[in-house]
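What follows draws every value from the coordinates through simple rules; no lab data is involved. None of the values given here were measured: they were computed from a predicted structure. Every residue, glycine as well, gets a Cβ built from its backbone with ideal geometry; the counts of neighbours run over all protein chains shown.
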């Protein structure tokens, strides 16, 4: 167990909320950047007159969704780790 003496819990909750917003922002940035890269690749292919087979388009969507899911799980693990150890390591002091 952690010794909770001398810890300003309101301060910790405020900074933890800000860290949570930062993690959500990081995930959002990753989603936007990955979507932009995928859109740019597909748009460049279509503008050059290439027809994209439905199988390749489905593969792009699958990979994009997997990246969203994996990034989301990684961000969630970071959030859980901060929440679990913030008092233990006096993270916000």
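Rounded to the nearest 500, the helix-only mean residue ellipticity at 222 nm of the chain stands at -28000 deg cm²/dmol, with each DSSP H run of n ≥ 4 adding -39,500 (n - 2.57).
Taken over the Cα atoms of the range 39-83, the convex hull encloses 47 Å³ per residue. Treating each Cα of the chain as one equal point scatterer and applying the Debye formula with no solvent, the log10 of I(q)/I(0) at q = 0.11, 0.18, 0.22, 0.23 Å⁻¹ comes out as -0.50, -0.84, -1.05, -1.10.
Comparing mean-square fluctuations of 66, 56, 21 from a GNM of the chain with C-alpha springs under 10 Å, the top value falls on 56.
As a proxy for reagent exposure, ranking 35, 40 by other Cβ atoms within 10 Å from fewest up yields 40, 35.
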